[in-house]
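The values are calculated or read from the model by the stated rules, or taken from the named source; none is laboratory data. None of the values given here were measured: they were computed from a predicted structure. Don't worry about glycine lacking a Cβ; one is built from the backbone with ideal geometry, like all the others, and counts go over all protein chains shown. Just the protein is used for accessible areas: all its heavy atoms, side chains included, with ligands, DNA and RNA removed. Shrake-Rupley method; radii C 1.70, N 1.55, O 1.52, S 1.80 Å.
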Amino acid sequence: MCVVTFDETKQEFRVFLENDLFAIAKFELQDSVFIITSTKVPEVLQGKGYGKVMMEAVLNEIETRGGKVIPECSFVVSYLERNSQWQHLRAENCG
């Protein structure tokens, strides 16, 4: 399991991957809704499945915090479309 840090000041999640490298998911927080605006996996790790690793870790962290997600980043939109097990976290599905 990857270590995830939540930095509310910088508005980002950091997901530690390997060799001291980490992925970043930037967000804007409105109440308990995380608007994910961008994601970044280090270039040397791209194409190795770390985007999925990052998203699983970030979504799990958001769920643990009782949050919801609005995806603005195209990668997050695509990931949620392909992984129906996370649909319950979409803020659009509330209420």
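Listing for the model above:
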{"quantity": "Candidate set from segment 59-74 (those that are open to solvent by less than 70 Å² (accessible area, probe 1.4 Å) and either touching a residue at least 40 places away in the same chain (Cβ under 8 Å) or closer than 14 Å to Ala25 by Cα (or both)); member that is nearest to the chain's Cα centre (by Cα)", "calculated": "Leu59"}
{"quantity": "Some residue of segment 12-23 being loosely packed, with under 13 Cβ neighbours inside 10 Å, in contact (Cβ under 8 Å) with a residue 12 or more places away in the chain and at negative phi", "calculated": "no"}
{"quantity": "Residue in segment 65-75 that is of a type in the set (Val, Ile, Thr) and in contact with a helix residue (DSSP H, G or I) (Cβ under 8 Å, 6 or more places away or on another chain) present", "calculated": "yes"}
{"quantity": "Residue count, segment 25-72 (criterion: in contact with a Phe, Trp or Tyr (Cβ under 6 Å, 6 or more places away or on another chain) and in a helix (DSSP H, G or I))", "calculated": "4"}
{"quantity": "Tally, over segment 12-31, of residues that are small (Gly, Ala, Ser) and under 20 Å from Lys68 (Cβ atoms)", "calculated": "1"}
{"quantity": "Residue check for Val77: in contact with a Lys or Arg (Cβ under 7 Å, 6 or more places away or on another chain) and more than 23 Å from Glu18 (Cβ to Cβ)", "calculated": "no"}
{"quantity": "Subset of segment 34-58 [open to solvent by less than 40 Å² (accessible area, probe 1.4 Å) and closer than 17 Å to Phe6 by Cα]", "calculated": "Phe34, Ile35, Ile36, Thr39, Val41, Met54, Met55, Ala57, Val58"}
{"quantity": "Residue in segment 38-52 that is under 19 Å from Glu8 (Cβ atoms) and hydrophobic (A, V, I, L, M, F, W, C) present", "calculated": "no"}
